[in-house]
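The structure under discussion is supplied below as structure tokens; questions concerning it will follow.
The values are calculated or read from the model by the stated rules, or taken from the named source; none is laboratory data. Not measured: the values here are computed from a predicted model. Here the Cβ positions follow ideal geometry from the backbone for every residue, glycine too, while neighbour counts run over all protein chains shown.
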Amino acid sequence: MKEQIQIFDTTLRDGEQVPGCKLNTQQKLEIAKELEELGVNVIEAGFPVSSPGDFDAVKQIAETIKGTTICGLSRAVDKDIEIAAEALKNADNPRIHTGIGTSDYHIYSKLMTTPEEVIERAKHAVKTARNLCAEVEFYAEDAGRTDNAFLAKVVEQAIASGATIINIPDTTGYCLPEQYGEKIKYLMNHVPNIDRAILSTHCHNDLGLATANSIAGVLAGAQQVECTINGIGERAGNTSLEEVVMIINQHERIQRETSINTQLLNPISKLIEFEMNMPVQRNKAIVGENAFSHSSGIHQDGVIKNRETYEIIDPKDVGADDSQIILTARSGRAALRYCAQKLNFELTREKLEVAYDRFLSIADQHNQISNQQLVSLLESI
């Protein structure tokens, strides 16, 4: 039996921090319902202390969503933790997510304190949260740039204080996959009480490595992945939920599984794109408009003969339309005949040659040929 990886969705918290992506409470509630249907294990609904609106959104989601853990973020500050607990008090499965920076950049420049004080503040925050909520997750901000030996000490104390989930964020997206995987493995082997908690990945995409780092973390022993729909998030974004889920699904050697209903990936991607006004790039993996489109003649011929020649995912498995054959000047005869047949035109070999010559002369003047243009061409033969 495969080990299940918990999917922690932070679209409504980390994703919403993107400029221009602010959601109102009703929008958040609608998205939370869709995330629950998608099958995520944890919804990070917001940062309750940040504003009255965010508090109300977390509160309403906690009161409405009953089949999924609802999480609220806090800093290692008593007021943050208390307000998070208040927002979550009517949740069936509440979780407070609290933590503090652990890298030298955070300790000396941001917090202006000492490593010893960071450990004490981490312990106090976890104990405070644990007294108010049955489940506590601890984050070591900027763990990606934190010395592993010191990180292990912080993690050990957080677990001893009551945290049962430990988040290891690559906050700046700095790590290489090998480095991030080694960090998770180091913690698995050097934290004496690690068996009392699960490790979670939370990777940012500043160098385009968020998904790769998350998978490296899973292979090293992490049991939870923190991610967002479409990979939205601060700066260059977060780990993309749809990418992580489909990588785990497609690769047998990973020997893990998730609870995600993958056929809902494209519909929820479009919902997030619309509600948060964040267009998905056309070549985005899994959910981009071109993810299952083919315009090169060589590729088109291969896909027409056998879809798996150039596609490792069946579009229907992720809720997308069928593979698309896009007619362009790079298309070949096989694609032209295929598209003609879909429009109920059967071409003999001779007619195909005539049609193809005319097609190329038109295609050189357009980015792609529409069905209407193709019908006009075929009717003229």
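How do the strands (runs of 3 or more DSSP E) wholly within segment 108-220 filter down when requiring 1 or more residues that are modelled with pLDDT of 95 or more and surrounded by fewer than 19 Cβ atoms within 10 Å (Cβ to Cβ): which remain? Please lay out each step first, then the result.
Values: elements: 136-141, 165-170, 198-203.
Result: 198-203.
Just give me the residues in segment 34-62 being free of Cβ contacts under 8 Å to residues at least 40 places away in the same chain and assigned to a loop (DSSP other than H, G, I, E, B), in sequence order.
Residues satisfying the conditions are Phe47, Ser51.
Would segment 18-29 turn up any residue that is surrounded by 20 or more Cβ atoms within 10 Å (Cβ to Cβ), touching a Ser or Thr at 6+ places or on another chain (Cβ under 8 Å) and not assigned by TED's automatic domain parsing to the domain that holds Gly319?
Within segment 18-29 (the criterion being surrounded by 20 or more Cβ atoms within 10 Å (Cβ to Cβ), touching a Ser or Thr at 6+ places or on another chain (Cβ under 8 Å) and not assigned by TED's automatic domain parsing to the domain that holds Gly319), the answer is no, since none of the residues qualifies.
Can you tell me which residue among Ile304, Ile248, Ile312, Ile254 is more than 28 Å from Gly217 (Cα to Cα) and among the β-branched types (Val, Ile, Thr)? Let's see the steps before the verdict.
On the way: Ile248 fails: more than 28 Å from Gly217 (Cα to Cα); Ile312 fails: more than 28 Å from Gly217 (Cα to Cα); Ile254 fails: more than 28 Å from Gly217 (Cα to Cα).
Answer to the check: Ile304.
Quick one: what pairs do we get from segment 162-179, first residue of a type in the set (Ser, Thr, Tyr), second in a strand (DSSP E or B) and modelled with pLDDT of 95 or more, C-beta under 6 Å, 6+ apart or different chains?
Hits for this filter: Thr171/Glu141.
Still on this structure, please answer the following. Taking the condition of being buried (at least 16 other Cβ atoms within 10 Å of the Cβ), at pLDDT below 95 and of a type in the set (A, V, I, L, M, F, W, C), how many residues in segment 298-326 meet it?
4
Note down all Cβ pairs under 6 Å where the first residue falls in segment 281-301 and is acidic (Asp, Glu), the second is outside any loop (DSSP other than H, G, I, E, B), and they're at least six residues apart or on different chains.
Cβ pairs passing all conditions: Asp301/Ala334.
I've got another one for you. Among the listed residues Ile304, Ile313, Ile298, Ile326, which satisfies the condition of being farther than 30 Å from Lys22 by Cα, of a type in the set (A, V, I, L, M) and touching a strand residue (DSSP E or B) at 6+ places or on another chain (Cβ under 6 Å)? Break it down stepwise before answering.
Working: Ile304 fails: touching a strand residue (DSSP E or B) at 6+ places or on another chain (Cβ under 6 Å); Ile313 fails: touching a strand residue (DSSP E or B) at 6+ places or on another chain (Cβ under 6 Å); Ile298 fails: touching a strand residue (DSSP E or B) at 6+ places or on another chain (Cβ under 6 Å).
Exactly one residue qualifies, and that residue is Ile326.
Inside segment 244-270, can you point out the residues that are surrounded by 17 or more Cβ atoms within 10 Å (Cβ to Cβ) and either within 18 Å of Glu34 (Cα to Cα) or assigned by TED's automatic domain parsing to the domain that holds Ile312 (or both)?
Residues of segment 244-270 surrounded by 17 or more Cβ atoms within 10 Å (Cβ to Cβ): 244-249, 256, 258, 260, 262, 264-266, 268-269.
Correct list: Val245, Thr258, Ile260, Thr262, Leu264, Leu265, Asn266, Ile268, Ser269.
Residues of segment 79-95 being touching a Ser or Thr at 6+ places or on another chain (Cβ under 6 Å) and either under 18 Å from Lys127 (Cβ atoms) or of a type in the set (Lys, Arg) (or both), which ones?
Of everything in segment 79-95, those that are touching a Ser or Thr at 6+ places or on another chain (Cβ under 6 Å) and either under 18 Å from Lys127 (Cβ atoms) or of a type in the set (Lys, Arg) (or both) turn out to be Asp80, Ile81, Ala84, Arg95.
Can you tell me which residue among Ser331, Ser376, Ser361 is surrounded by 17 or more Cβ atoms within 10 Å (Cβ to Cβ) and either touching a strand residue (DSSP E or B) at 6+ places or on another chain (Cβ under 7 Å) or of a type in the set (Gly, Ala, Ser) (or both)?
Ser331
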